[in-house]
Amino acid sequence: MTQAPARILLLGGTGFVGRHVCEKLTRMGNSMTVITRRANQASAIQNLPRVNVIEGDVYNLEFLTQCMPKARCGDQSDCHLARYASCL
């Protein structure tokens, strides 16, 4: 039995780990919506098939509430790989 492709909301998809997760999941046929603080840092994933990059703050509940319906349809998965921006 083959699993149908999923629509996945990925927070933190432009970092080192997130970029590789995004690449692997799209190679598996999944569609990705990636939320990032700076879309200009998403060059490594913007040209991947089935990837939609949205610029915004993952700590802004109103923003996330607006993004989630746009990213979802059918069976979903959410993956949170974002870190707090000022922790370093």
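Just so you know, all these numbers are worked out from the coordinates, no wet-lab data involved. Note that the structure is a prediction, hence the values are computed from the model and not measured.
Worth a mention:
- Under the Karplus curve 6.51 cos²θ - 1.76 cosθ + 1.60, θ = phi - 60°, whole-Hz ³J(HN,Hα) for the range 9-23, x wherever Gly or Pro sits: 9, 10, 9, x, x, 9, x, 4, 5, x, 4, 6, 4, 4, 4
- Stretching the chain fully between Asn40 and Ala4 yields a gain of 9.8 nm (0.36 nm per residue, less the alpha carbon separation).
- Here's how it looks for Arg37: its modeled amide H is under 5 Å from those of Gly56, which are all 5 or more places away or on a different chain.
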